[in-house]
Amino acid sequence: MSNKIVEVIVGHSFTLLPPGREDLHTHRWTLFVKPANKDYDDFPDTKMIQKVKFEIHKSFAQPIRWVHKPPFQITETGFASFSAIVTIHLNIPNEKPRAIPYELTLYTGQSGENEVVQKLPVMTDHIRPEYLELIKKYRPKKRKASMAYGSSNDEKSPHSKRALSPIKEEKERKKRPRIEEREDRKEDRRDDRKNDSKKDDRKEDRKEDRKKEKEKKHHRDSRERSRDRSKESRERETRETKDSRDKGLKEKDSKEKEPKEREPKEKELKESPEELTKKLNECEDPRVIYKAGLYLLEHLPDVQLDLKTQKLSYDLTKGSADDLLEIARILKKSK
């Protein structure tokens, strides 16, 4: 598997606008993509680059813009620097789009330009020959070692102090392609080494990302476990509080009932059956009469109800001490 490098320039130029505009814009700028080779600057075709996507600041009316033919550039006016993303879609088969972050900075001068060379590695295993030729065109020309060799017809060259014989001149002419080929191979090896180093950097970045993801997952699980424990403790406290409240209510009810149950036994009968009978006959509270009548019908023997007069005939002397205490308690509630 071998790679070639497509060298392009991502940059911007700007000029200062006259003051006093209504929109307060201070600069006109152009964001562009072009080959690194200045001799191939005007992009006569789209064989290498299919289209370019410019993602600029969200404050602009159309923050995402596509350019499908050269020149690959957009022009706007503004008043501040911002970060942009330039995505280059190559026309080479099986090559993914390349997203390149770019800082568009506006300076205070009248005009200016900033360019950054971007090297895009492409797979050359299944690439067609015409693309290889285009890749060479995009690469900026460098001073070749063959320029050091003079020519018999170049009298001004500092290296041609004397004319070469036809045989030597033919040898020198044959050497030049080999030297250029060696320079190309050296350039390719340098590019391969750079690609290898980038791959290593990407591996390290992926390892770091995995490590950060594990740490995030650990923290997230810890927070979830802590929430679960706090929820369980709150539920346990709620249950304990409810149980203690219920227990307290039960104890309170039992304490309230105990005196009532013991009261008839603890108290001594202070009134005789005759006195209670007299008070009951003199009582005019219908509720007290009703309760006393129910109690007498249920607990005393030989109690009879006259249906015509709706009066009871009873004898309290036949009742027990508890019965007399209960009748006395009912009579105390009379108004």
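The values are calculated or read from the model by the stated rules, or taken from the named source; none is laboratory data. Computed from a predicted model, the values in this text were never measured in an experiment. Neighbour counts run over all protein chains shown; Cβ positions are idealised from the backbone, glycine included.
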Given the residues 194, 207, 217, 212, which is the only one that is closer than 30 Å to residue 5 by Cβ, modelled with pLDDT of 85 or more and in a helix (DSSP H, G or I)?
-> 207
Considering only residues that are of a type in the set (Val, Ile, Thr) and in a loop (DSSP other than H, G, I, E, B), look in region 99-131 and name the one that is surrounded by the most Cβ atoms within 10 Å (Cβ to Cβ).
-> 127
Name the residues in region 44-61 that are assigned to a loop (DSSP other than H, G, I, E, B) and aliphatic (A, V, I, L, M), would you?
-> 48, 56, 61
Say we look at region 279-329 and pick out the residues that are assigned to a helix (DSSP H, G or I) and among the hydroxyl-bearing types (Ser, Thr, Tyr); which of these is farthest from the chain's Cα centre (by Cα)?
-> 317
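Okay, residues lined up against (1) surrounded by 11 or more Cβ atoms within 10 Å (Cβ to Cβ); (2) in contact (Cβ under 8 Å) with a residue 60 or more places away in the chain; (3) in contact with a Gly (Cβ under 7 Å, 6 or more places away or on another chain); (4) of a type in the set (Phe, Trp, Tyr):
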site: 296; (1), (2), (3), (4): yes, no, no, no
site: 304; (1), (2), (3), (4): no, no, no, no
site: 307; (1), (2), (3), (4): no, no, no, no
site: 310; (1), (2), (3), (4): no, no, no, no
site: 314; (1), (2), (3), (4): yes, no, no, yes
site: 318; (1), (2), (3), (4): yes, no, no, no
site: 321; (1), (2), (3), (4): yes, no, no, no
site: 325; (1), (2), (3), (4): yes, yes, no, no
site: 330; (1), (2), (3), (4): yes, no, no, no
Determine if region 50-71 includes at least one residue that is among the small types (Gly, Ala, Ser) and closer than 17 Å to residue 30 by Cα.
-> yes
Answer yes if at least one residue in region 62-76 is in the same structural domain as residue 133 (by TED's automatic domain parsing), at pLDDT 95 or above, of a type in the set (D, E, K, R) and not in a loop (DSSP other than H, G, I, E, B), and no otherwise.
-> yes
Identify, please: which residue in region 2-24 is within 38 Å of the chain's Cα centre (by Cα) and of a type in the set (A, V, I, L, M, F, W, C) and is, among those, farthest from residue 128 (Cα to Cα)?
-> 24
Listed residues 88, 92; which is crowded, with 17+ Cβ neighbours inside 10 Å and touching a helix residue (DSSP H, G or I) at 6+ places or on another chain (Cβ under 7 Å)?
-> 92
